[in-house]
Structure formats: structure tokens, C-alpha cells
Amino acid sequence: MASRNEHTNNQQPTHARLASYAADETRSRGRRFAESAPTFRGEYQRDRDRIVHSSAFRRLVYKTQVFVNYEGDLYRTRLTHSLEVAQIARTIARALGLEETLTEAICLAHDLGHTPFGHAGQDALNECMRDYGGFEHNLQSLRVVDELEERYAEFDGLNLMFETREGILKHCSLNKARQLGELGQRFIERRQPGLEAQLANVADEVAYNNHDLDDGLRAGFISVDDLRGLMLFGRQYDAVLAAHPQLTGRRLIHEIVRHMIDYVVTDLIETTAANLRTAAPQSIEDVRAHSAPLVQFSETVAQEHLELKRYLREHVYRHYRVLRMTTKAQKVIRALFEIFMRTPELLPPEYQQAASRLHGQHGESGRARAVADYVAGMTDRYALLEYERLFDPAERS
Ligand code: MG
């Protein structure tokens, strides 16, 4: 069989240009359950495909980033967010000679564990789970791909490659890390993940900073005039208007955002390439052993990025209309959690089974985990519907 390196079409396979420090699948730490090698695709391609076929991935379309799903069709959802993260990260991966497909797989999976109603939902569920080990969306993403997806005859979860799972688990408390075996080891030893994982993490920030700004403008929470005072935005605003003095409205905003993404991505590639030349890692193990992440912005852009992030926190994430939604969302999450904890018989049969199985193994905390899995898996609209079914006397279903 022809090796993938022998392709001659002009769309070069990334494998052929893989740098020594990239996550080469032939030297992967592999899967938890041994499987025969795929015939027509790479191992990381198989991971990406499994993620795209998962139920949790499909639910991302009805989960919120900042705005609740029903507020308008043009706002980002977790699905469009994940796709934007993946495409930003793939460009960077390719430019740096990293494993592009692995990078994509991590990006597509990074938000699978998110609750309904964005961060408000995660905070509310974490609060509910305080006495039962807490709830953290990052760990939940790992739980989804390791345990919760039920698709394969021979194992629970998606049985992804170690490097994909390493990328999904961006952060983790020491306590949790100790329970995670090999995957938790780097948090205990303070080691870095592979470059593809580092990249997916930064691309996530690039994506949400830019699209939350765009969504914030669309919602009318912030204005172009307000944003001109920010370094990142102001510079691109001046550049775009210098080239196109007549440009206004949505087209002006899109041009600015497009230039902003290009500017930070270029900086990230150049700074990371320089870091790689200096550190000269020869393998992913060298990357993991390095004292700090190598995927970095320059000092200047890191500051500019932080300024934008703080601005968005103040003016978009804490806007009174978002806070109203947040408050309502917390009430829904709390009410659902409490009623299922008190009366697990109200859970759908498969979650009842999970609740009694986990209760048998871990007592009250086990039941709470099963309830949290159910609530976390809900989309925004499903959570609202479930709330109505359980608490609205007029609702008959
Ligand atoms: Mg994200």
C-alpha cells in the first residue's frame, strides 16, 4: 500500500511536512482500548470523525456561547464557535508544521462538555455540585469522549488517541489530576501538553475575543466608536478606513474583525516560530518537558489581547441583558438539578439507570454525577422545555 508520504497532488498531506516537534501519530501514546489501525485514514482523522459523529457534537448547535440560543439566528453558538476555533487553529498548525488533523480534532471537541446557557450554566451547575466533587466543563468534555458517548460495541466513549484527550483537558485541579492516571500526570509534574493542544487553547481565545466583539456590536451592547479606543481594534479601524474611506456598517465591522484575526494569527505564528527556533525541541517529549508553553503571542499582542478581553468582560459579558439571561439560566439549572436529585424517578430511564449504578458505586455523589451529566448534556432549549414540563402546571407533556 502506498504510504501517505507518496501523494503527489498539490494539496500536500500535512504528514509529509510534519515537524520533529509535532505529534506524530506513529509515535502516539495510543488509545485506551487497542483497536486495529484504520485502512483509509489516519488515527487523528478517525478521532476527528468520531467527534463529528458524536451526539454531544450535534447538541453544540443549540448551546450558547454568550447569547441564549433563541435570541437570534446570527449569533454564535458553540457549534459555530468550535468550527471557527478549528479553522483558525488549522491555519496556524499548517504554518508551523504541526499535526493539522489532530489540532482540528481537539478544537472540535474542546467544548463538548459545556452546559446549556454558557458560563452561567457551568457556574450554576458547579455550585449545585459543590458537595459532590464540583463540575468543570473542561473535565466534562473529557468525560463525554471517555465515558458518556454510547456508540461502540466494545467500549464506552469514543476511545480517542492520548494526544487528542491531552488537548481536550486544558486545565485540571491537582485533586482531579490524581484520579486521571497518565492523562493527569502533567498537571502534577507541571509539564506542558503537545503544541497542537497549546495551539487549540490559544485559538479558542482568538476566536471568542473576535466573535464576541462582533456579536456584541450586533446586539448593540457596544459601538464602533467605543471600540476605537482599544489598541487591537483602533489600529485595524484606521487601516481599513485609510484603504476604504467610504466603508460603513456591517461591512466595515467585518473588515476590521477580519484584519484583527489576521494580525493576531500572524503574530502568534511568528512568535511561536521564534520560540521554537530558540528552544529547538526535537520531539513532542521535549515540548512537554519545556518550562513554559511555546505557543505564545508577542508581549505586545498579549497585552492588546488582554485589553480586549477585559473590555468584553465589562461591556458584553456583564451587560444587563446578558446578566438577566444569566440569572434566569441559573434558576433553571438549579431547579432541574434539585428536582432530579430529590426524585431520580423523574429522570429518563437511561439516566435513572446511570443514577442508580453510580449511586451504588459512590453514594450520593454518584447520583449527583449522573444528574449533572444529564443536565450538562441539555441544549438551551431542551433545558427550558424540561423546566416547563416539570414546573409549569399548564404544561401537559
Ligand atoms: Mg471555546
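The values are calculated or read from the model by the stated rules, or taken from the named source; none is laboratory data. Everything numeric in this text was worked out from a predicted model, so none of it was measured. Counting neighbours? That spans all protein chains shown, and the Cβs are built from the backbone with ideal geometry, glycine included.
Looking at 143, 130, 94, 78, which is the one that is of a type in the set (D, E, K, R) and closer than 22 Å to residue 212 by Cα?
78
Condition check: over 29 Å from residue 272 (Cα atoms), of a type in the set (S, T, N, Q) and modelled with pLDDT of 95 or more. Does residue 141 satisfy that?
Against the criterion (over 29 Å from residue 272 (Cα atoms), of a type in the set (S, T, N, Q) and modelled with pLDDT of 95 or more), residue 141 does not qualify.
From 320, 237, which residue is within 27 Å of residue 119 (Cα to Cα), over 24 Å from the mean Cα position of the chain (by Cα) and of a type in the set (Ser, Thr, Tyr)?
The unique qualifying residue is 320.
Among the residues of the range 270-284, which ones are free of Cβ contacts under 8 Å to residues at least 24 places away in the same chain and exposed (fewer than 13 other Cβ atoms within 10 Å of the Cβ)?
277, 278, 280
With 226, 215 as the choices, which residue is in a helix (DSSP H, G or I), under 19 Å from residue 87 (Cβ atoms) and modelled with pLDDT under 95?
Just a single option satisfies the conditions, and that option is 215.
In contact with a Pro (Cβ under 8 Å, 6 or more places away or on another chain), surrounded by 14 or more Cβ atoms within 10 Å (Cβ to Cβ) and in contact (Cβ under 8 Å) with a residue 12 or more places away in the chain: which single residue out of 315, 259, 290, 305 fits that description?
That would be 290, the only listed residue that is in contact with a Pro (Cβ under 8 Å, 6 or more places away or on another chain), surrounded by 14 or more Cβ atoms within 10 Å (Cβ to Cβ) and in contact (Cβ under 8 Å) with a residue 12 or more places away in the chain.
Among the residues that make up the range 285-307, is at least one of them in contact with an Asp or Glu (Cβ under 6 Å, 6 or more places away or on another chain), under 18 Å from residue 200 (Cα atoms) and not polar (S, T, N, Q)?
Yes.
In the range 184-209, which residue that is in contact with a helix residue (DSSP H, G or I) (Cβ under 6 Å, 6 or more places away or on another chain) and without any contact (Cβ under 8 Å) to a residue 60 or more places away in the chain is nearest to the ligand (Cβ to nearest atom)?
Filtering the range 184-209 for residues that are in contact with a helix residue (DSSP H, G or I) (Cβ under 6 Å, 6 or more places away or on another chain) and without any contact (Cβ under 8 Å) to a residue 60 or more places away in the chain, the one nearest to the ligand (Cβ to nearest atom) comes out as 187.
Which is outside any helix (DSSP H, G or I), under 22 Å from residue 339 (Cβ atoms) and more than 11 Å from the ligand (Cβ to nearest atom), of 134, 121?
134
Scanning the range 74-115 for residues that are in a helix (DSSP H, G or I) and of a type in the set (Ser, Thr, Tyr), which turns out farthest from the ligand (Cβ to nearest atom)?
Ranking the candidates gives 101 first.
Kindly list, by first and then second residue, each pair from a residue in the range 369-397 that is free of Cβ contacts under 8 Å to residues at least 40 places away in the same chain and closer than 18 Å to residue 345 by Cβ to a residue that is assigned to a helix (DSSP H, G or I) and among the basic types (Lys, Arg), limited to pairs with Cβ atoms under 6 Å and residues at least 6 apart or on different chains.
Final answer for the pair search is 397/389.
Give me a count of the residues in the range 269-284 that are touching a helix residue (DSSP H, G or I) at 6+ places or on another chain (Cβ under 9 Å), assigned to a helix (DSSP H, G or I) and either under 13 Å from residue 209 (Cα atoms) or not aliphatic (A, V, I, L, M) (or both).
2
Could you grab me the full set of residues in the range 229-251 that are surrounded by 12 or more Cβ atoms within 10 Å (Cβ to Cβ), part of a loop (DSSP other than H, G, I, E, B) and not aliphatic (A, V, I, L, M)?
Hit for the range 229-251 is 244, nothing else.
Here is a list: 338, 345. Which entry is farther than 22 Å from residue 75 by Cβ, assigned to a helix (DSSP H, G or I), modelled with pLDDT of 95 or more and under 28 Å from the mean Cα position of the chain (by Cα)?
338
Please indicate, with yes or no, whether at least one residue in the range 194-205 is surrounded by fewer than 22 Cβ atoms within 10 Å (Cβ to Cβ) and β-branched (Val, Ile, Thr).
no
Just checking, how many residues over the range 35-53 are closer than 12 Å to residue 159 by Cβ and assigned to a loop (DSSP other than H, G, I, E, B)?
Count: 1.
Mind checking which residues of the range 287-335 are of a type in the set (Gly, Ala, Ser) and outside any helix (DSSP H, G or I)?
Those that are of a type in the set (Gly, Ala, Ser) and outside any helix (DSSP H, G or I): 291, 292, 298.
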